[in-house]
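Each reported figure results from applying straightforward, stated rules to the coordinates on display, with no laboratory input. Keep in mind it's a predicted model, so treat the numbers as computed, not measured. Cβ atoms come from the backbone with ideal geometry, glycine included; neighbour counts cover every protein chain shown.
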Amino acid sequence: MNTATKPADAPAIGSMSDNYPDKNGHFGIYGGSFIAETLMDPVSELQEAYEHYRKDPEFIAEFEWELKNFVGRPNPLYHARRWSDEGEGAQIWLKREDLNHTGAHKINNTVGQALLARRMGKKRIIAETGAGQHGVATATVCARWGMECIVYMGEEDIVRQAPNVFRMKLLGAEVVPVISGSKTLKDALNEAMRDWVGNVDDTFYIIGTAAGPHPYPTMVRDFNSVIGREIKMQSMEHMGKLPDMVVACVGGGSNAIGAFHPFLDDKDVRLVGVEAGGDGLETGRHAAPLSAGKPGVLHGNRTYLMEDDDGQIIETHSVSAGLDYPGVGPEHAWLKDIGRCEYVAATDTEALDATHKLCRIEGIIPALESAHALAYAAKIAPDMSPDINIVVNLSGRGDKDINTLADIAGITL
Amino acid sequence: MSQRRIAKRFAAAGESKLLIPYITAGDPDLETTLALMHTLVKAGADVIELGIPFSDPMADGPVIQAACERALKNKVSLVQVMETVKRFRETDNDTAVVLMGYMNPVERLGYAKFAELAAQAGVDGVLTVDMPPEEAAELVEELSSRELDCVFLLSPTTPDARMQQVFNMASGYIYYVSLKGVTGAANLDTDAVATKVEHIKSQTSIPVAVGFGIRDAASAAAISQAADGVVVGSVLVSIVGEHGQDKDTMHKTLFDMVNGMRLAMDDIQVTA
C-alpha cells in the first residue's frame with residue numbers, strides 16, 4: 001500500500017512531463033512516424049515547435065491560465081459514497097472531467113494544440129472526430145481564438161451524434177461528412193490527413209487522441225497529464241495517500257494516458273485501461289485492439305490494431321462512438337507489453353448498466369465512453385476491502401448520448 | 001549478378017523517357033489486372049506500378065480509394081498480388097514491376113517473408129507510401145539482400161538535408177511527388193516540377209520519375225522533358241473503374257490513353 005509521504009513529488013499543475021519517447025517518437029517498438037513524404041516536413045516542423053514550447057515557461061503559463069479560467073480546472077475528485085457503500089467493497093472516486101468546459105477531457109488537448117498553432121502562425125485548423133467531443137472541443141478553441149475550423153466526421157457518426165454536430169456548427173465550424181470506408185472515426189482521420197497533405201502551408205491538424213505520427217502521442221499525453229497530476233494531489237488531500245488503482249476507458253487512449261502517466265513511477269498504483277468490448281470479445285464485434293488485436297501500422301504509428309489476416313483494418317463495434325476506433329495510442333501498446341498497465345474490456349451491456357446506475361445512484365449522467373471504466377470498477381470493487389481506493393476517470397458527460405440511450409430503450413425523443 | 005530490370009530499362013531508354021503506369025491490383029479482380037498489365041506493356045509501359053489494395057489509403061485521393069474498396073470486396077491479399085506478378089512473368093521478362101502500397105499488409109506478412117515471396121514472383125521494386133527512410137532500415141535490408149529495389153518518395157516539401165537520407169536508401173528510381181496533395185489532385189505546375197527535378201538530379205545519379213497530377217498526353221510529354229520517367233495513376237484507375245462491366249472498352253480506352261502518352265513523350269524527345 002502507498003503511504004502518505006510524498007505530496008512534494010507530485011509535479012506542479014501544468015508542468016510538462018520529461019518522460020519523453022526516443023527522439024523519433026518510439027515507445028519501444030511502437031510509435032514512430034509512418035507517414036507519406038509530403039507530410040514529413042510539416043510533421044518535423046511540429047516536432048521542433050513542440051520540443052521548444054513544451055519547455056517554454058511562457059507557453060506553460062498561458063496553458064495553465066487557460067486550463068484554469070477557460071476550461072474550469074481543477075475539477076473535483078468526487079467520492080461516490082452511495083455507490084461505494086452499496087458495493088460494500090472498495091471506495092470509488094470519480095475524477096470529474098465531465099465538468100470541464102465542453103463536457104469532456106478533450107478540451108485539455110485542444111487548448112494546448114491551439115496555443116501551439118497560434119505560435120506557429122497557422123490560421124486554419126482541421127480535426128477529426130468520432131463521438132463529436134473532440135470536434136466540439138476543437139470548434140470551441142477555434143472560436144475562442146478566431147481560427148478557421150474544419151472538422152471531418154464519418155457519415156455514420158454524424159447520424160449517431162447529431163447534437164454534437166449542431167454544437168460544432170453553432171461554434172462556427174464546418175463539419176465535413178466522410179463517406180469513404182466504414183464512414184466512422186478512422187475514415188475521418190484518413191480524410192483529415194488528406195486535407196493536411198494538400199494544405200501543409202497554412203494548416204494545423206489538431207489530432208484528438210494520443211495516436212498519429214510523432215509528436216502527437218506525446219503532445220496529446222502531455223496536455224492531458226493535468227488529469228493525473230490533479231488526481232495525485234487531490235488523492236493526497238482526500239485520502240492522505242495515492243489511490244490503489246486508477247481506471248480509465250481506452251479508445252485511442254487520450255484520457256487514459258493523461259490519467260496514468262503521472263503515476264507510471266508509482267509502482268504500487270495499479271493502472272487499468274478499459275477497452276470497448278462491444279458484443280463481447282469472443283464475437284469479434286468489438287473495439288479492443290489491446291485485448292484482442294495485433295501490432296501493425298496505421299495513421300502514422302505502429303501500435304495494436306484490429307485487422308484481418310491480410311493486414312486490412314476491420315470495422316469496429318461499440319455502443320460508444322468515441323471508442324469505435326481500430327487502433328490505440330502507441331504508449332498504451334508499450335505499457336501493455338512491459339506490463340506496467342493492465343488492459344481489459346467491458347461490453348456494451350456492462351457499459352449501459354453502469355451508465356444507468358451512475359445516473360440513479362450518484363446523480364451523474366456519464367458519457368458512454370467513460371461508462372466502460374465505471375463498469376470495470378463496479379465489477380471489481382465489491383470484492384475488495386473498503387480501505388482500497390479506486391479512482392475512475394469520468395472522462396465526459398453523457399448529454400450527447402441521450403439519443404442513443406433513448407433508442408436502446410425504444411423511446412422516441 | 002545480372003543487371004536489375006529497372007536499371008536495365010533506364011539504361012536502354014537512351015534519349016527516351018520511361019513510362020510508368022499505375023493500376024490497383026485486384027480492381028475489379030486479379031484476372032483483369034493480369035490482362036491489363038499486358039495491355040499496359042503493349043501501349044508502351046516500361047515499368048508497371050502495381051498497387052497493393054489497403055483499407056485505409058491515407059495518401060490517395062478518391063479514385064484510388066474507390067479502387068482499393070473494389071479490390072477488397074474480393075478480399076484481394078498481398079500474397080495474391082505477388083502471385084499475379086508471377087503469372088505476368090510467365091510471358092513477360094522485360095517489363096519491370098514495382099509494388100506500391102501501405103505498410104500494414106507488409107507488416108502482417110512479415111518483412112522477410114514478403115521480400116522472399118516478392119523476389120520469387122519476379123517483382124523488381126517496392127514502394128511503401130507510409131514508410132519514410134527513418135523507419136525503413138529493416139525492410140530495406142530484407143529487400144536489398146534479395147536484389148529488390150527500394151523506391152522512395154520525395155516531395156516539394158522535402159528539405160535538402162532529408163534528400164540525402166533518401167538517396168542513401170533509395171534504389172531503382174526516386175519518385176518525385178509533383179504537388180502537395182493526394183493522388184489525383186489537379187494543380188500541376190510543370191515549371192516548378194522541372195526546377196525541382198533538376199535540383200534533385202544535381203545531387204544523385206539515381207533516376208528521377210515524376211508522378212501525381214499527370215492526366216493526359218500533353219502533361220505526360222511536358223513532365224517527360226524534365227524527368228527520367230513519368231508515373232501516371234489516377235487517370236488510368238478511373239478508366240478501369242468506369243468500364244468495370246465492359247472489359248473490351250476498358251482495355252481499348254486504357255491502351256489509347258497510355259499509348260497516347262507514350263507517343264507524345266517520344267515525339268517531344270525526338271523534336272528536342
Point to revise | Spin-label zone in the stretch A:198-221 - amide nitrogen under 14 Å from a point set 7 Å from the Cα of A:ARG340 along the C-beta vector | key: A:218, A:221
**Study point:** Ellipsoid equivalent to the stretch B:5-271 - semi-axes via the Cα gyration tensor, in Å
**Key:** 24, 23, 18
Check your understanding: Magnitude of the Cβ-charge dipole of chain B, K/R +1 and D/E -1, about the Cα centre, nearest 20 debye?
Key -> 240 debye
Check your understanding: Taking chain B as a Gaussian network, where each spring joins two C-alpha atoms under 10 Å apart, which residue of B:ASP27, B:ASP56, B:ASP149 fluctuates the most?
Key -> B:ASP56
Check your understanding: Quick one: of the DSSP bridges fully inside the protein assembly as shown, what percent are antiparallel, nearest 5?
Key -> 20 percent
Check your understanding: Modelled label-to-label distance, A:LEU170 and A:ASP265, 7 Å Cα→beta-carbon offset: nm?
Key -> 4.3 nm
Exercise for review: Take the Cβ-Cβ distance between B:ASP256 and A:ASN24 as r, set R0 to 60 Å, and report the resulting FRET efficiency rounded to the nearest 0.05.
Suggested key: 0.80
Review point. Looking at the stretch B:6-63, which GluC sites (Glu not before Pro) are DSSP coil and have at most 13 other C-beta atoms within 10 Å of their C-beta?
Key: B:GLU15
Revision key, fill the gap. In the stretch B:24-91, the trypsin sites (Lys or Arg not before Pro) that sit in a DSSP loop and have at most 10 other Cβ atoms within 10 Å of their own Cβ are none
Exercise for review: Could you work out which residue, out of A:ASP202, A:ASP98, A:ASP309, moves most in a Gaussian network model of chain A, that is, has the largest mean-square fluctuation with Cα springs under 10 Å?
Suggested key: A:ASP309
Study note, to complete from the structure: Any residue on another chain or 5+ positions along whose placed amide H is under 5 Å from the amide H of B:ILE48 is listed here as B:ALA96, B:VAL97, B:VAL98
**Study point:** Inter-centroid distance (Cα atoms) of the stretch B:195-268 relative to the stretch A:45-113, Å
**Key:** 52 Å
Check your understanding: FRET efficiency for B:ALA192 and A:ASP399, Cβ-Cβ distance as r, R0 = 60 Å, nearest 0.05?
Key -> 0.75
Check your understanding: At a Förster radius of 51 Å, what calculated FRET efficiency corresponds to the Cβ-Cβ distance of A:GLU48 and A:SER385, to the nearest 0.05?
Key -> 0.55
**Study point:** Three semi-axes of the equivalent ellipsoid, the stretch A:21-127, Cα gyration tensor, whole Å, largest first
**Key:** 35, 20, 13
Review point. Hull surface divided by four, with the convex hull built on the Cα atoms of the stretch A:304-413: how many nm²?
Key: 9.1 nm²
Revision key, fill the gap. CD proxy, 222 nm, the protein assembly as shown: helix-only mean residue ellipticity via -39,500 (n - 2.57) per DSSP H run with n ≥ 4, per residue, nearest 500, stands at -13500 deg cm²/dmol
**Study point:** Cα-based equivalent ellipsoid of the protein assembly as shown: semi-axis lengths in Å, sorted from largest, via gyration tensor
**Key:** 49, 25, 22
Exercise for review: Return the distance in nm (one decimal) between the two label points of a simple spin-label model at B:SER202 and B:MET169, each offset 7 Å from Cα along Cα→Cβ.
Suggested key: 2.6 nm
Point to revise | Highest-first arrangement of A:66-73, A:205-212, A:339-346, where packing means the average Cβ count within 10 Å | key: A:205-212, A:339-346, A:66-73
Check your understanding: So how far apart, in nm, are the two label points at B:ASP29 and A:ALA162 if each is 7 Å from Cα heading toward Cβ?
Key -> 4.2 nm
